[in-house]
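In what follows, a structure is listed as structure tokens, so that the remarks can point back to it.
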Amino acid sequence: MIADVSEADHTDLAFEPAAKPVPAEERAKLLADPGFGRVFTDHMAIIEYDERQGWHDARITARHPFTMDPASPVLHYAQEIFEGMKAYRRPDGGAALFRPDANARRFAKSALRLAMPPLPEEMFLDSIRGLVRADREWIPETEDGSLYLRPFMIANGSFLGMRPSTEFIYAVIASSVGAYFKTDAPSVSLWVTREYVRAAPGGTGEAKCGGNYAGSLVAQAEAVRQGCDQVVFLDAIERRWVEELGGMNVFFVFADGSVQTPPLTGTILHGVTRDSLLTLARDMGLVVREEPYAIDQWRADAESGRLTEAFACGTAAVVTPIGRVKGTDGEFTIGGQSIGPTTMRLRSALVDIQRGHAPDPYGWIDRVV
Ligand SMILES: Cc1ncc(COP(=O)(O)O)c(C=O)c1O
């Protein structure tokens, strides 16, 4: 059966409903405590690309495994990019996305960096909206629940030559999720890696490509061995400036009320959450700086009381206080190792807009259902 789930008429997004969707009672059980990234919905979006047809065959279809040639270039040279975004349940029972246009633009930028054809923004948005409409019942109703959407693009084909592919698959899968951090602790701890860097100038640090994450796993494992929740990376040249976590941006809050985050100089991801918090902080009248911050300064400021709060932020982790920072030269704690007032205020302002508990003066909400 082919129907159309797109409300906009500028797309040819076909809808092939899953023949065997998960029964409602089973879905309800899965949604009671979904964790993060292990409960998947009934459908997926797919759009294919080749040089002759361009982007074609856009469809929402039953979630299914891919079949690919073992010489497919994504399997060898990691020509791959992805995105991460969420759909939230509205107080009236509907559903909305948060700044999906920002993800569409970042996805197109990542594509260019990885020598892939950018997906037109409208196609990206239609595929996401179509999937959320098809799987709207999978959005948890719990307080911190949401539908995490994972758009990605892979190089396909059959060749081992070292060149960009000419065939690509774009797909979106969706996962019902709860809180990202399982811990009941009021803050997370960070391990400052001195051995590994995440990104160097001229590299792929500001693209959201799988390779960046593969390269950070060993450092994350090191963090866990050190008894920490997450790894924090320093810059590749001086090994001095705080860049970001494996999957989150970082903010610092000072006793004078100002807020600081590392600048976008090409090696860190342009976080949508980071950008939204900068806007919210400015509109709250806070002094906001996008300036480099040295790891030794962080320690000195935490110890002197000049720095009172720090937090990590991202779509998955939302806003998470940082309570303890450990490195090869010892460790320091921040504030009372619990959420501070500025972190709390910024977090509430963001979450209230995302979940429809506060007005959206910025036009960030994209109502889907
Ligand atoms: C490396 C990295 N930094 C920062 C972020 C936060 O970005 P966003 O707020 O757009 O989720 C993410 C998550 O996507 C990430 O993977």
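The values are calculated or read from the model by the stated rules, or taken from the named source; none is laboratory data. Since the structure is predicted, the reported quantities are computational estimates derived from the model, not experimental observations. A quick note on method: Cβ atoms are made from the backbone with ideal geometry, for glycine too, and the neighbour counts reach across all protein chains shown.
Tell me which residues, restricted to segment 154-175, are in a loop (DSSP other than H, G, I, E, B) and either surrounded by 17 or more Cβ atoms within 10 Å (Cβ to Cβ) or touching a residue at least 12 places away in the same chain (Cβ under 8 Å) (or both). Can you show your working first?
Residues of segment 154-175 in a loop (DSSP other than H, G, I, E, B): 157-166.
Listed by number, the residues that qualify are Gly157, Ser158, Phe159, Leu160, Met162, Pro164, Ser165, Thr166.
Read through the list (1) part of a strand (DSSP E or B); (2) away from the ligand (no atom under 14 Å from the Cβ); (3) within 22 Å of the chain's Cα centre (by Cα), then give the number of the only condition that Val253 fails.
It fails just one condition, (3).
Return the only residue of Gly314, Gly305, Gly336 being over 27 Å from Ala200 (Cβ atoms) and modelled with pLDDT of 95 or more.
On the way: Gly314 fails: over 27 Å from Ala200 (Cβ atoms); Gly336 fails: modelled with pLDDT of 95 or more.
Testing whether each residue is over 27 Å from Ala200 (Cβ atoms) and modelled with pLDDT of 95 or more leaves just Gly305.
Could you list, in sequence order, the residues of segment 190-214 that are within 20 Å of His76 (Cα to Cα) and either out of contact with any Lys or Arg (no Cβ under 7 Å at 6 or more places or on another chain) or of a type in the set (Val, Ile, Thr) (or both)?
Within segment 190-214, Gly203, Thr204, Cys209, Gly210, Gly211, Tyr213, Ala214 meet the criteria.
Condition check ((1) within 11 Å of the ligand (Cβ to nearest atom); (2) at pLDDT 95 or above; (3) surrounded by 15 or more Cβ atoms within 10 Å (Cβ to Cβ)) across all residues:
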{"position": "Gly211", "(1), (2), (3)": "no, yes, yes"}
{"position": "Gly227", "(1), (2), (3)": "no, yes, no"}
{"position": "Arg239", "(1), (2), (3)": "no, yes, no"}
{"position": "Leu245", "(1), (2), (3)": "yes, yes, yes"}
{"position": "Gln260", "(1), (2), (3)": "no, yes, yes"}
{"position": "Thr265", "(1), (2), (3)": "no, yes, no"}
{"position": "Thr273", "(1), (2), (3)": "yes, yes, yes"}
{"position": "Asp283", "(1), (2), (3)": "no, yes, no"}
{"position": "Ala294", "(1), (2), (3)": "no, yes, yes"}
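Among the residues in segment 175-194, are any polar (S, T, N, Q) and farther than 27 Å from Gly330 by Cβ? Explain how you work it out, then say what you get.
First, the residues of segment 175-194 that are polar (S, T, N, Q): 175-176, 183, 187, 189, 193.
Pick out the ones that are also farther than 27 Å from Gly330 by Cβ and you get 175-176.
Yes, there is a match, as at least one residue in segment 175-194 is polar (S, T, N, Q) and farther than 27 Å from Gly330 by Cβ.
Hey, any hits in segment 94-107 for a residue that's in contact with a helix residue (DSSP H, G or I) (Cβ under 6 Å, 6 or more places away or on another chain), in a helix (DSSP H, G or I), closer than 22 Å to Pro21 by Cβ and not small (Gly, Ala, Ser)?
Within segment 94-107 (the criterion being in contact with a helix residue (DSSP H, G or I) (Cβ under 6 Å, 6 or more places away or on another chain), in a helix (DSSP H, G or I), closer than 22 Å to Pro21 by Cβ and not small (Gly, Ala, Ser)), the answer is no, since none of the residues qualifies.
Give the residues of segment 176-188 that are assigned to a loop (DSSP other than H, G, I, E, B) and β-branched (Val, Ile, Thr), sorted by residue number. Give the steps one after another, and end with the answer.
Restricting attention to segment 176-188, the residues satisfying the condition of being assigned to a loop (DSSP other than H, G, I, E, B) are 178-187.
Passing the criteria: only Thr183.
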